[in-house]
1. In debye, nearest 20: dipole of the range 38-97 around its Cα centre with unit charges on the Cβ of K, R (+) and D, E (-)?
2. When the Karplus curve 6.51 cos²θ - 1.76 cosθ + 1.60 is applied with θ = phi - 60°, which whole-Hz ³J(HN,Hα) does each residue of the range 48-54 get, with x for Gly and Pro?
3. Applying a 10 Å radius around every beta-carbon, put 187-199, 284-296, 229-241 in order of their mean neighbour count, most first.
4. Output the peptides 202-210, 99-107, 313-321 sorted from most to least packed, where packing is the average of other Cβ atoms within 10 Å over each peptide's residues.
5. Report P(r) for the range 179-284: all Cα-Cα distances, bin width 5 Å, range 0 to the bin holding the largest distance, values in whole percent.
6. In terms of the ratio Rg/(2.2 N^0.38 Å) built on C-alpha atoms, what value belongs to the range 228-327?
7. Please give the Cα centre distance for the range 242-272 versus the range 273-322, rounded to the nearest Å.
8. Take each of the peptides 303-310, 23-30, average the number of other beta-carbon atoms within 10 Å over its residues, and list them starting from the highest.
Amino acid sequence: MAARSAIAAVGMNYRHAYHAGNFADCFKHALLADLVDAFARKPTPYFVLDTHAGVGRYDLEDDAARRTGEADAGIRRLLASQPAPLRRYLDLVRSLGLYPGSPTLIRALMRPAGANLAGERHGRCHTVMPGAGPASTPCDAEPDKGVDGGPSAAMTTGADRRARPPKSAPMLMRPADRLACCELHPEDVIPLRRLFHHDPQVEVHFRSGWDALKALLPPREKRGLVFIDPPFESQDEFAVVTEGLKRGHSRFSHGVFAAWYPIKQRAAVRGFHANLKMTGIRDIIAIELYLRAPTNAERLNGCGLLVINPPYRFAEQGQAIADAVLRGLGQDESGAGVDVIRIADE
Ligand SMILES: C[S@@+](CC[C@H](N)C(=O)[O-])C[C@H]1O[C@@H](n2cnc3c(N)ncnc32)[C@H](O)[C@@H]1O
């Protein structure tokens with residue numbers, strides 16, 4: 001009890017388990033999958049920093065998820081309708097068993113260590129090869145109940161998911177893609193650590209993601225994605241994100257940065273964009289999804305993903321993904337729509 005109030009005292013009340021699988025999660029994860037995929041187009045290894053990782057995966061049948069029912073109006077509806085631009089993301093969600101949070105999703109898209117540069121053969125893992133179609137390379141785990149209640153490959157531990165090289169090991173090995181995740185909630189970091197225990201491609205840090213933007217950048221891989229998904233618990237979170245992006249970008253200016261943000265009222269968001277423009281950082285876009293006109297400050301009326309150095313054609317693909325999320329989950333409310341905004345030119 002004392003521990004809980006101490007956590008609350010430092011402003012860490014947010015628990016993602018209540019919101020996992022809601023429309024905002026589907027929007028950000030479908031776009032995140034597209035961003036990670038873009039890195040796999042080149043053979044050289046990449047690094048992903050997930051600054052606000054959460055617990056890694058979520059049981060949508062547990063009390064927290066059932067209490068809000070947000071996943072019913074989110075991921076469960078999308079899985080039932082399977083809109084084409086989301087098929088890859090949805091196949092991945094289904095293949096992973098328990099509903100994947102950002103670190104699990106990123107990890108599933110990473111290529112295993114030691115893959116053959118020429119042939120890119122896979123061992124026993126969920127990892128998907130670029131352009132390999134649906135993300136369901138099955139592992140030999142027991143079947144489990146999937147997010148939509150249907151059968152799916154069980155989510156395995158990091159150790160199980162490590163690729164095993166084929167018997168005749170290829171000569172051309174390359175360094176592995178790498179993920180570092182940060183989680184500051186002392187309860188949430190425990191399952192996250194457990195999930196990736198023994199996984200040599202994943203580091204879990206019990207530290208602030210804002211500090212990690214300095215401490216863990218630039219990565220040795222030279223190319224990478226920084227995914228920033230804060231809880232937006234405090235009033236000044238937009239300013240904190242702007243500062244974080246400035247700090248991260250100053251250390252890793254050619255990295256791709258993606259930051260999720262909530263949209264309650266438009267003014268706060270436009271102020272955020274204006275402040276970002278004033279940082280002088282080049283090549284920034286935002287993809288925004290509105291369920292309704294952003295007039296009621298008490299509601300999550302929409303959300304956005306801000307991307308610095310977006311990959312080639314990400315704006316078009318992102319628009320198609322956001323449109324599909326809105327078609328699948330929107331209720332035809334007035335003011336609903338998708339916007340792609342260029343905040344700073346290349
Ligand atoms: C929106 S949730 C993240 C969800 C996760 N990115 C996903 O998509 O599955 C935000 C998380 O950030 C954690 N958190 C809050 N402040 C943090 C900080 N300064 N550094 C790292 N994690 C933090 C919270 O405990 C929470 O688990």
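No value in this document is a laboratory result; all are computed from the given coordinates. Owing to the predicted nature of the structure, the values given are computational and were not obtained by experimental measurement. Methodologically, a virtual Cβ is constructed for each residue, glycine included, from the backbone with ideal geometry; neighbour enumeration extends over all protein chains shown.
1. Working: 10 positive and 8 negative charges, 87 e Å.
Dipole magnitude for the range 38-97 comes out near 420 debye.
2. Running phi through 6.51 cos²θ - 1.76 cosθ + 1.60 with θ = phi - 60° gives 10, 10, 9, 6, 9, 8, x Hz.
3. Working: 187-199: 17.8, 284-296: 19.8, 229-241: 15.8.
Sorting 187-199, 284-296, 229-241 by mean packing, highest first, produces 284-296, 187-199, 229-241.
4. Values: 202-210: 19.4, 99-107: 26.8, 313-321: 17.8.
The densest-packed peptide leads the list: 99-107, 202-210, 313-321.
5. All Cα pairs considered, the percentages come to 2, 11, 20, 22, 19, 14, 8, 4, 1, 0.
6. Numbers: Rg = 13.5 Å, N = 100, 2.2 N^0.38 = 12.7 Å.
Rounded to two decimals, the normalised Rg is 1.07.
7. Using only Cα atoms to place each centre, the spacing works out to 10 Å.
8. Values: 303-310: 23.9, 23-30: 25.8.
Per-residue Cβ counts within 10 Å, averaged per peptide and sorted highest first, yield 23-30, 303-310.
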